[in-house]
Amino acid sequence: MLERCPTGIPGFDELCDGGLIRDRSYLIAGPSGSGKTIFAMQFLYNGAKEYNEPGIFIATEERPQNLRENFSVFGWDLEKLEEENMLAIIDATSAKIGLPTDEKYVDVRPFDTRSLIDNIITIQDEIGALRAALDSTTAMGFAMQDPSKFRVELLKISTTLEILGLTTIMTAEVIESGMISRFGVENFVTEGTIVLYYTRSENVRIRSLEIYKMRGTNHSKKIHPYDITSEGIIVHSREEMF
Ligand SMILES: Nc1ncnc2c1ncn2[C@@H]1O[C@H](COP(=O)(O)OP(=O)(O)OP(=O)(O)O)[C@@H](O)[C@H]1O
Ligand SMILES: [Mg+2]
C-alpha cells in the first residue's frame, strides 16, 4: 500500500482513496480565480494544523504579505504557523520585479531552478518540511520561453522534491476552463493532475473539479462541484456535474 498524504480539504481525499500519494508532485490546473492558490495553501495549512507536518510555500506571483492578509479572512493565522516553524513562505516574487523585501526567505534568483532547489533544501533542513506548494509554475514557463527546457526544469524540481520527501502541489494557470496546462508540458512531469473548472451557467459561475490523472491509485473519474467558503474549499464529493 502506498502511503497517503491527506489534503484535509473537505470532500477531496475520498475522491482518491484517502489523499495524495506521499512524496509525489501534483499539478492543479485552472483559470484565474478558480481557487488554485487557496487549494495549495489549504493543503499546507491542514498539513500543519491537523497532521503536524510543516510545509514550504513558494510564492512566485504574490507577495507573502498579501497571502497572509488574504488568508486571514479564512481565519488562518499564517504568521503564527511561520513563527512555530510549521510554515515557510519563500518570496519568489519581489526579486523578479525588482522590489526590495524584508521577508525571511527570499528567492534572489527567481528564474534559476538550482537556486530555488537550494533554497528549499536549506528550509527543509531548518523546519523538517514534509509538504510543499509551488504557486505558480506558469511564470517560470514564460521566463523560459522554450517549452522543452521548461519541461526539463519542472521535472528537475518535481523529482528533487520527491526525493527530498516532500509531497508537492504545483499550480498551473490556464486560459480556458478545462485545459490541463498552459504550455502543454506541465502535466507530464507530475504524478497527478487536478483540473479546476470555473464555468458560466446563465448568470452564475460554477466551480467544479476533476482528478484528471493520478498515477498509482484508483480515483473518481467524475467532475464534482466545490465551493470556496469562508473556511476555504469544500468539495461536494457525492454530487456530480453534468
Ligand atoms: N472568503 C472568501 N469567501 C468566498 N470566496 C472567496 C473568499 N476568498 C476568496 N474567494 C474566492 O476565491 C478566488 C481566488 O482564489 P485563488 O486566489 O485561489 O484563485 P487562483 O486560481 O489562484 O487565481 P490566479 O490564477 O489569478 O492566481 C476569489 O476570486 C474569490 O472568488
Ligand atoms: Mg493564484
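So the values come out like this:
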| read-out | value |
| --- | --- |
| Principal-axis tilt of helix 113-127 within the chain, Cα atoms, nearest 10 degrees | 90 degrees |
| GluC sites (Glu not before Pro) restricted to DSSP loop in segment 127-200 with at most 10 other C-beta within 10 Å | 176 |
| Dipole magnitude of the chain about its Cα centre (Cβ charges: Lys, Arg +1; Asp, Glu -1), debye to nearest 20 | 780 debye |
| Alpha-carbon Rg/Rh ratio, for the chain, with Rh computed the Kirkwood way | 0.94 |
| Which listed pairs, of 36/213; 104/213; 80/104; 49/213, have C-alpha distances above 25 Å, in listed order | 104/213; 49/213 |
| Residues whose placed amide H lies under 5 Å from that of residue 213, excluding near-sequence neighbours | 193 |
| Longest exposed-site-free window of the chain, the sites being trypsin sites (Lys or Arg not before Pro) in a DSSP loop that have at most 13 other C-beta atoms within 10 Å | 105-214 |
| Long-range amide H partners of residue 105 with built H, under 5 Å | 91 |
| Span from the segment 214-235 Cα centroid across to the segment 4-67 one, whole angstrom | 12 Å |
| Paramagnetic reach from residue 22 in segment 36-63 [backbone N under 12 Å; point 7 Å along Cα→Cβ] | 53 |
| Sorted largest first, extent of segment 10-54 alpha carbons per principal axis (Å) | 30, 21, 20 |
| Residue of 115, 230, 220 that the Gaussian network model of the chain assigns the largest fluctuation, springs spanning Cα pairs under 10 Å | 230 |
| Contour minus Cα-Cα distance for residue 241 and residue 155 (0.36 nm per residue) | 27.7 nm |
| Distribution of pairwise C-alpha distances over segment 1-130, 5 Å bins, in % | 2, 10, 19, 22, 22, 16, 7, 2, 1, 0 |
| Kirkwood Rh, angstrom, segment 163-239 [1 / mean 1/r, Cα pairs] | 14.0 Å |
| Backbone HN-Hα couplings from phi across segment 160-172 [Karplus 6.51/-1.76/1.60, Hz, Gly and Pro as x] | 4, 5, 4, 5, 6, x, 10, 8, 10, 10, 10, 9, 9 |
| Computed [θ] at 222 nm, deg cm²/dmol, the chain (DSSP H ≥ 4; -39,500 (n - 2.57); rounded to nearest 500) | -9000 deg cm²/dmol |
| Coil-residue GluC sites (Glu not before Pro) of segment 206-242, DSSP, other Cβ within 10 Å capped at 15 | 231, 239, 240 |
| Neighbour-count order for 91, 17, fewest beta carbons within 10 angstrom listed first | 17, 91 |
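Every number in this text was worked out from the coordinates using simple rules, so none of it is lab data. Values in this document were obtained by computation on a predicted structure and should not be read as measured data. For neighbour counting, all protein chains shown are included, and Cβ atoms are generated from backbone atoms with ideal geometry for every residue, glycine included.
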